[in-house]
Each structure stands twice: as C-alpha cells, then as structure tokens.
Amino acid sequence: MTSTEETLSNLLKEDRRFEPPKELAAEANLKEEAYARADSDREAFWAEQAERLHWDTKWDQVLDWSNPPFAKWFVGGTLNAAYNCLDRHVEAGLGDRVALHWVGEPEGDSRSVTYAELKDEVCRAANALTALGVEKGDRVAIYMPMILETVVAMLACARIGAPHTVVFGGFSSDALATRVVDCGVKVIITADGGYRRGSASALKPAVDEARAKCQDRDGHIVEKVLVVRRTGQDVDWDGPETGGPDVWWHDVVEQASTEHECEFFDSEHPLYVMYTSGSTGKPKGILHTTGGYLTGAAYTHWAVFDLKPETDVYWCTADVGWVTGHSYLVYGPLANATTGVIYEGTPDTPEKGRWWKIVQDHKVSIFYTAPTAIRSFMKQGHEIPDRYDMSSLRVLGSVGEPINPEAYVWYRHVIGGDRTPVVDTWWQTETGAIMISPLPGVTHGKPGSAMIPIPGVSADVVTEEGESVPNGSGGYLVLTEPWPSMLRTIWGDDDRFRDTYWSKYRKEGWYFAGDGAKKDEDGDLWVLGRVDDVMNVSGHRLSTTEIESALVSHPKVAEAAVVGAKDEDTGQAVVAFVILRDEAGDGGEDIVADLRQHVRKEIGPIATPRQIMIVPELPKTRSGKIMRRLLKDVAENREVGDVTTLADSSVMDLISDGINAGKAED
Ligand code: WTA
C-alpha cells in the first residue's frame, strides 16, 4: 500500500462529527446563506468584502482577468495597508484598544500596545526609513525575532509603499543572502538577537555574513542595516564612522516624528514578497499586492474565526517569517481592529505549560496553531494543559499540514474543553488567505477534513485530465476561479509563475495547488499532502532539491537524494541518501554529523535531515531520474515497491546493504 492509500483507508473509518455550538451558530458572522450568495455573483461578493477596507479612491472594476494568469483586483482603487490597519481605527475612536499584547520569552518581559501607540511607532519608523533613503517600490528585508518592532517594521514598509520580504530568523546567512539578492533588497531590518529556549540567540552576525556574500558573490550592495537592540548582546558594528551601513533603530526611529501623512497606492501596488520552497532548488518569491490581499486576509480572518473584535483576544502562534504570520498575525487581525497576542519564544520555555499560561493570562478566545505543535503537546499528555484555566477559548484553528483525526480530537477536547469548534484551514503562501475551511457557526466538524471552500472561493479535485472526480475518489486539488488574495507572480519570473501553477490545467484556466486531495462520500475535502518534490516538515515547506543542492555543495559528497518520510512528530522528516566522492573514502566517522551540520549552515536548522544514509548508488530510471518513491519506501521502512523501471535493479539491494551496515555503526 502506498502512504496515500493508507491515509485514504484510515480516513474512511473516521465518522466522528461535531456540531457548531448553538450560541456561536446563532451569532455567527457568516451564515449558511453566504455560500449561495457568493456563488450567484462571485465578484459582487468580493466587492462586498473589499468594503471592509478604507479606499481613498474607490475601484471602478472588481476584477480584470483579461490577461490570465495575471489578475488585477479592484482596478483603479487606491489604499494604504498601514492606514487600514491603524489610522482608521484610531480615527474611529478605537485608539485605546490594545492592538497587540507582546509576550517576551523571559518571564515578565512583556508589553501591550494600543492602536494609537502602534500607529505612532509605525509613523516614526516610516519617517526613519524615508530618511535612510527608502522610497516607494524599494525592497526591504526583515530578519527579526518575534518582537513588536517586527510588526512595526512591516507596517512602516507598507506605509511608504516599500515591499517587504520577511526572512524567517531561523534561516541561515546563505538563505538570507539568496533572498536579498533575488529580491534586490536595499535595506535590511534586523535585531542584535532574540530569546529562544532560554537564551539570547544572535541574528546580526548572520546579516553581516549575508551582506558580505551578497557583495562578493553577486556584487549586490545592501545600503543600510537597521538594527533593533533586543538582547543587548555584543555585535560587530560597521556604522557610518567606518563607512558601513549599520544604524541603530533607537538612534533613528525613536527620535523621528509621529506625524506621517501616508500616500494611497494603487490597489495592485506590491505589498510584500514571501519566499517559499518550490520543486527546484531556487526558492520562489511569491508576490502579493495591496487591495486584493488585504481584502482576502481581513475577510477570512473575520469569517473563519468568527471574529468579534470588541470582545475576542486572538492568538496566532506562527512566526512572522511565514505567510501565516503575515495574513493572520499582522494584516488580517489588524485590519479588523483585533486585540492580538504575539509571543517571542519557544512553547516549552521556561516550562512546558508556557503557551497555556499565556492563554490563561490574556484570556485568549481564538487560538490558531499548527498540527505539529498539537502533536508535540499531545505526547506530553493532558496533565500540563489541565493545570490552566482555558475557559476563555471559543474557536480553535489549525494550519500548515493535514491534521490527523486523533490530534484534532485531542485539540478539541483537551485544549478546547469540548466547547470549541476546530477549523482546519487549508491555504498556501500563494493563496495569501484561507481557501478551504469549515465555518465555525455553520459547518459541523469532521476530524481530518478541511471540508469545503469558504464562500467566494471555488475549488475542485480533478484527474490528470481535468475531470472532476466523483465523491469517494482522490485527485489533484485545483482552484477554479481567481480570488483577490491570489499571488500575482513569482518575483522576477513570470514564466516560472505560469509553468508552476497554470500550465497543468491551462485549457481550463485553473490554479494547480500541488496538493493531492480526496472528496469523501459527502463531497467534503481531505487534503492529503504535496504531489511534487516539496516536503512539509512541521508545517514548513522545504524542497527536496534545495536540500540536495546543499548536500552536494559539501566537498565530500558526489550525489544526494532527499525524500520526506512520515514522522510522528513533524508530519514529515527529511531523510537523505548520499553517495560520497571516491577520494572521500568512507567519509570518516563524523561524516553524518558533518553533513547534518552542513545543511543547518546552508539552509537552517529546520532543514536538518533526521537521517542521512551513505549509499553506494541511487536508484535511477534509464533516463537518469532518481526514483524517490523507492527511497521513500526505504525511509519509511516499507517493502520496496516496483523496481522494474530501474536502470539497474540491483541498486536497491546495494542500498539496503549499505543502510544495514550504517545501522550497525550507530
Ligand atoms: C499544506 C501555509 C492539509 C499543503 C499556510 C499546502 C495543509 C502547504 C493545510 C502550504 C491543511 C496547509 N491541511 N494541508 N489545513 N494547510 N497545508 O505555503 O500541502 O507554508 O500546499 O502555507 O501546506 O504551505 P505554506
């Protein structure tokens, strides 16, 4: 049985159902009727959602789809994303509402900012960035820990029309350099470091290294590096005195004026670029623009979480380095005048109940996290969360990977006290906002299923040939109509944008998501995972090729193949098969540790292989394509499948021999 078939047959046995709580259903933001209303006139429905925002000039056309796949939404409209997230709330008299409760990792280190305060800080930062030479259209990279200044930096960029590209602070200097060069970044905003797992972890040295690499390797100059002091640790400083680009945030932002008149930009003005893994080694810069993106983020955040901004306290645990941190920590919640929580550190510092303590302390009512986190808490048992009063919770969300039914039921029961619906939300960096999810006041919960597209979105599961599959069958997940928060292109690479997402179903004009899915007997959707060479480790997308290139860049490695193997904790784990160069002999006794370290350095800790197997050969077809399917069988301890298309069918025996020898050494 392949792993997909296995999942399918397990899912068939799942028949638990959870009805929406009556009070929630009665007061729900979106009711059943919205589905039909959206279907009958999709553009009118989206226009209604766009009215959630402040437009300086109203659009004259909802959608221009005359040049697919390049969409324009709310054509002719102008708006400012930061104004929508801050100023208009202050002007509406909500200035005293807390925008964000920030919780630092060291206990007691916390700060709450109101909408009025956040607006002032964003205006200061906008003025400071302008003074540093950042102009409309210039790109700014943000490489930061989870602190308030990070949110301020993003909104300040948005305010002056400088698209930001946030790079996850766990990525290495190489990964940062690649993104800085690809995006043509002029200024980097960073911090000395942040707190993780009980100690200060540095960020600035990686920026220094990245800056040097950009210059030496690609001749790309980063003009300024703006540094927030967070941990107070020593940093190498290359400021104006030495002709360098480093500037302290507190030297330029704190002095700046809180007066800042913002410009209103075209609806299609670029808001940000978010890099994500694709099936080649080169990360893709996903471009989101302003009007459509903000409409999608605000509408879905309001509808899917049933947000009541006057009373809810909302916490999304995602790092701002991922798209979830953009749409559901910054743009969606702030556009909706939500009171949110942002936490700097790891879930188990200083003790395992830290997250639940935050829920208790801040009376969090809506909580959004990833299945990998839920599974790790599940392993620790219910005793830890049971110690905290979490009766404030009313809606729980999940994102990033399929949530297995057991984790769903545990989440609902132990964290939600069986009161809370769980919304399993499917979407991608590319979609900008949630596409498939239950509505907590309408849809009953089915553990493991993301259910149906939300009102306004149109999806299907289809065969290779583009036929809609009947209920009870699986196929490829597609989005069949454009939507406002869709990616506009891949930064600097329109061809790759077309090829990756729009060529498979070109005739039909559908967006190909790269996920496999199934329709159950009721027509509800179960997303099964990637069908390309992209893995999903702890809800983070990694490309097999990217890790293979990292391995091959090690001087002792001749060839490498990477697969994602099922993993109880992280969903999938990276397993690498490596052929060493002849001159490297057996590589030495530390070879596996060396290679793991090498991948950490090249990409970052999340890409570190769980296992590296040194093998004499890799299984290849006659045309030289690596048969990852067979390696996956090995990695998941299954009997190896059909080997008849291998150029040399004895290769798999050699590999098993090599692995067994490896095991003996462990
Ligand atoms: C997977 C994260 C099943 C899927 C927002 C998708 C999911 C990829 C779910 C996008 C879910 C995300 N159920 N699978 N609820 N949510 N995925 O771009 O494979 O980091 O294509 O965006 O995660 O990951 P990305």
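The values are calculated or read from the model by the stated rules, or taken from the named source; none is laboratory data. These figures come from a predicted structure and were not determined experimentally. No Cβ is skipped: glycine too gets one built from the backbone with ideal geometry, and neighbour counts run over all protein chains shown.
For segment 589-604, check the following and say yes or no: at least one residue is closer than 30 Å to LYS504 by Cα, surrounded by 18 or more Cβ atoms within 10 Å (Cβ to Cβ) and either at pLDDT 90 or above or more than 16 Å from the ligand (Cβ to nearest atom) (or both). Yes: one or more hits. Residue count for segment 605-617 satisfying the condition of being within 25 Å of the chain's Cα centre (by Cα), closer than 17 Å to GLY587 by Cβ and buried (at least 21 other Cβ atoms within 10 Å of the Cβ): 1. Within segment 216-263, the residues that satisfy the criterion of being acidic (Asp, Glu) and in a loop (DSSP other than H, G, I, E, B) are GLU223, ASP234, ASP236, ASP238, GLU254, GLU259, GLU261, GLU263. Among all positions in segment 552-569, there is no residue which is within 18 Å of the chain's Cα centre (by Cα), outside the structural domain of ALA433 (by TED's automatic domain parsing), within 21 Å of PRO405 (Cα to Cα) and surrounded by fewer than 22 Cβ atoms within 10 Å (Cβ to Cβ). Once segment 341-381 is narrowed to residues that are more than 23 Å from SER199 (Cα to Cα) and within 16 Å of the ligand (Cβ to nearest atom), the residue that is surrounded by the most Cβ atoms within 10 Å (Cβ to Cβ) is PHE367.
Taking each residue of segment 608-623 that is over 14 Å from VAL552 (Cα atoms) and looking for partners that are of a type in the set (Ser, Thr, Tyr) with beta-carbon atoms closer than 6 Å, six or more apart or interchain, yields THR621/THR645.
Test of understanding: among VAL152, VAL122, VAL181, VAL185, which residue is β-branched (Val, Ile, Thr) and in contact with a strand residue (DSSP E or B) (Cβ under 8 Å, 6 or more places away or on another chain)? Residue meeting the stated conditions: VAL185. Within segment 554-570, the set of residues being small (Gly, Ala, Ser) and modelled with pLDDT under 90 comprises ALA558 only.
Tell me, which residue of segment 532-550 that is among the acidic types (Asp, Glu) and assigned to a loop (DSSP other than H, G, I, E, B) is farthest from the ligand (Cβ to nearest atom)? The selected residue is ASP533. Checking TYR115, TYR143 one by one, the residue that is at pLDDT 95 or above and under 19 Å from the mean Cα position of the chain (by Cα) is TYR143 and no other. Identification of helices (runs of 4 or more DSSP H) wholly contained in segment 1-79 with 1 or more residues that are more than 30 Å from GLN572 (Cβ to Cβ) and either at pLDDT 95 or above or under 30 Å from the mean Cα position of the chain (by Cα) (or both) yields 22-26, 33-40, 42-50.
Table: residues versus (1) assigned to a loop (DSSP other than H, G, I, E, B); (2) within 16 Å of the ligand (Cβ to nearest atom); (3) not assigned by TED's automatic domain parsing to the domain that holds LYS446.
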position	(1), (2), (3)
ASP499	no, no, no
ARG506	yes, no, no
ALA513	no, yes, no
LYS518	no, yes, no
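Taking (1) small (Gly, Ala, Ser); (2) away from the ligand (no atom under 14 Å from the Cβ); (3) touching a residue at least 40 places away in the same chain (Cβ under 8 Å); (4) over 30 Å from ILE612 (Cβ atoms) in turn, SER468 satisfies each apart from (3).
All told, ALA573 falls short of being outside any helix (DSSP H, G or I), closer than 30 Å to GLU464 by Cβ and more than 16 Å from the ligand (Cβ to nearest atom).
Taking segment 105-121 as the range and being closer than 22 Å to PHE168 by Cβ and in contact with a Lys or Arg (Cβ under 8 Å, 6 or more places away or on another chain) as the test, only GLU105 passes. In segment 139-191, of all residues being over 18 Å from ALA212 (Cβ atoms) and touching a Pro at 6+ places or on another chain (Cβ under 8 Å), the one that is surrounded by the fewest Cβ atoms within 10 Å (Cβ to Cβ) corresponds to GLY170.
Residues in segment 126-135 that are under 17 Å from PRO245 (Cα atoms) and assigned to a helix (DSSP H, G or I): ALA128, LEU129, THR130, ALA131. Among the residues of segment 287-307, those that are in contact with a Lys or Arg (Cβ under 8 Å, 6 or more places away or on another chain), buried (at least 24 other Cβ atoms within 10 Å of the Cβ) and assigned to a helix (DSSP H, G or I) comprise THR295, ALA298, TYR299. Among the residues of segment 308-324, those that are in contact with a strand residue (DSSP E or B) (Cβ under 7 Å, 6 or more places away or on another chain) and either more than 12 Å from the ligand (Cβ to nearest atom) or assigned to a helix (DSSP H, G or I) (or both) comprise ASP312, VAL313, TYR314, TRP315, THR317, VAL320, VAL323, THR324. Within segment 386-415, track down each residue that is aromatic (Phe, Trp, Tyr) and in contact (Cβ under 8 Å) with a residue 40 or more places away in the chain. Correct list: TYR408 only. For segment 417-433, a residue qualifies if it is more than 15 Å from the ligand (Cβ to nearest atom) and either touching a residue at least 24 places away in the same chain (Cβ under 8 Å) or among the aromatic types (Phe, Trp, Tyr) (or both), and the qualifying residues are GLY417, ARG419, THR420. Out of the residues in segment 394-408 that are over 24 Å from VAL534 (Cβ atoms) and crowded, with 20+ Cβ neighbours inside 10 Å, state the one that is farthest from the ligand (Cβ to nearest atom). Among those that are over 24 Å from VAL534 (Cβ atoms) and crowded, with 20+ Cβ neighbours inside 10 Å, it is ARG394.
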